[in-house]
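A.B. asks: Below you'll find the structure I mean.
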Amino acid sequence: MPCMRIGALAVLLTLLCGAAACTGRAPSVTSPPTGCAADRVIDGDTIVVTCDAAHIRLLLINTPEIAHPGQVVECGGPEAKAYVESRLPKGAAVRLEAGKRDKDRYGRSLRYIWLGDELLNETLVRQGYAERYKEAEDRTYEARIIAAEKLAKAEGLGIWRAGCR
């Protein structure tokens, strides 16, 4: 009798694992240190997380500038920041995925940000809050970012709306 239970359990696990593989969800990525959460949003493509109080620059995307000293507010910049703030309230759990290079010239950690199975970098582009950063060294999710940008442009979303470019 115990052998039948073990066999049935093995079949059930096989079915569940097979079903999970067919969901079309993003592959799992390495989890960050325990307790990694959003702390604050600097602008549409830079945030601070609780893991070592790290400043994170989102990989492969660029959002319009906001009112930093010596810079002009660009069309869509404040909206991009507000959107990221709505998606990453203080304490929101995040997973970070490193690219080829760890830091940029300003000392910010270069990362992809995952909210569950959602790649936030891609979502920002798809919703028209960001464009693909063409000079990025890391190209891990470039095809996804390019596809998201094409759709946002075609729909005239965010930075692609009339009068914003």
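A.B. asks: Would you point out which residue out of Ala98, Ala26, Ala54, Ala82 is at pLDDT 95 or above, out of contact with any helix residue (DSSP H, G or I) (no Cβ under 8 Å at 6 or more places or on another chain) and either of a type in the set (Gly, Ala, Ser) or on the phi > 0 side of the Ramachandran plot (or both)?
C.D. replies: After ruling out the rest, the residue left standing is Ala82.
A.B. asks: Kindly evaluate Ala67 against the criterion of being at pLDDT below 80, out of contact with any His (no Cβ under 8 Å at 6 or more places or on another chain) and either of a type in the set (S, T, N, Q) or under 22 Å from Ile159 (Cα atoms) (or both).
C.D. replies: Numbers: at pLDDT below 80: yes; out of contact with any His (no Cβ under 8 Å at 6 or more places or on another chain): yes; either of a type in the set (S, T, N, Q) or under 22 Å from Ile159 (Cα atoms) (or both): yes.
For Ala67, the condition - at pLDDT below 80, out of contact with any His (no Cβ under 8 Å at 6 or more places or on another chain) and either of a type in the set (S, T, N, Q) or under 22 Å from Ile159 (Cα atoms) (or both) - is met.
A.B. asks: Of the conditions (1) within 22 Å of Cys51 (Cα to Cα); (2) touching a Gly at 6+ places or on another chain (Cβ under 7 Å), Asn121 clears all except one; give me its number.
C.D. replies: Every listed condition holds for Asn121 apart from (2).
A.B. asks: Here's something else I'd like to know. Filter the range 83-105 for residues that are touching a strand residue (DSSP E or B) at 6+ places or on another chain (Cβ under 8 Å) and closer than 19 Å to Tyr133 by Cα and give the result.
C.D. replies: Matches in the range 83-105: Val84, Leu96, Glu97, Ala98, Gly99, Arg101, Asp102, Lys103, Asp104.
A.B. asks: Which of (1) loosely packed, with under 14 Cβ neighbours inside 10 Å; (2) touching a helix residue (DSSP H, G or I) at 6+ places or on another chain (Cβ under 7 Å); (3) among the hydroxyl-bearing types (Ser, Thr, Tyr) does Tyr106 not meet, given it meets every other one?
C.D. replies: The single condition Tyr106 does not satisfy is (2).
A.B. asks: Checking the structure you have, find out if any residue of the range 65-72 is loosely packed, with under 15 Cβ neighbours inside 10 Å, free of Cβ contacts under 8 Å to residues at least 40 places away in the same chain and more than 19 Å from Val41 (Cα to Cα).
C.D. replies: So the first thing to find is which residues in the range 65-72 are loosely packed, with under 15 Cβ neighbours inside 10 Å, and the list is 67-72.
Then drop every residue that is not free of Cβ contacts under 8 Å to residues at least 40 places away in the same chain, which leaves 67-72.
Subsequent filtering for residues that are more than 19 Å from Val41 (Cα to Cα) retains 70.
Yes - at least one qualifying residue is present in the range 65-72.
A.B. asks: Counting only residues that are among the hydrophobic types (A, V, I, L, M, F, W, C) and without any contact (Cβ under 8 Å) to a residue 40 or more places away in the chain, which one in the range 127-149 is surrounded by the fewest Cβ atoms within 10 Å (Cβ to Cβ)?
C.D. replies: Just the residues of the range 127-149 that are among the hydrophobic types (A, V, I, L, M, F, W, C), to begin with: 130, 136, 143, 145-148.
Still in the list and also without any contact (Cβ under 8 Å) to a residue 40 or more places away in the chain: 143, 146-148.
Working: Ala143: 9, Ile146: 13, Ala147: 13, Ala148: 24.
Checked the range 127-149; the qualifying residue surrounded by the fewest Cβ atoms within 10 Å (Cβ to Cβ) is Ala143.
A.B. asks: Looking at this structure, is Ala82 under 21 Å from Ala67 (Cα atoms) and surrounded by fewer than 18 Cβ atoms within 10 Å (Cβ to Cβ)?
C.D. replies: Details: under 21 Å from Ala67 (Cα atoms): yes; surrounded by fewer than 18 Cβ atoms within 10 Å (Cβ to Cβ): yes.
When the stated conditions are applied, Ala82 passes them.
A.B. asks: For Glu137, indicate whether it is within 29 Å of Thr50 (Cβ to Cβ), in contact with a strand residue (DSSP E or B) (Cβ under 6 Å, 6 or more places away or on another chain) and modelled with pLDDT of 95 or more. Let's see the steps before the verdict.
C.D. replies: Details: within 29 Å of Thr50 (Cβ to Cβ): yes; in contact with a strand residue (DSSP E or B) (Cβ under 6 Å, 6 or more places away or on another chain): yes; modelled with pLDDT of 95 or more: no.
When the stated conditions are applied, Glu137 does not pass them.
The values are calculated or read from the model by the stated rules, or taken from the named source; none is laboratory data. In this text the structure is predicted, and so the values were computed from the model without any measurement. All Cβ positions, even for glycine, are placed from backbone atoms using ideal geometry, and neighbour counts span all protein chains on display.
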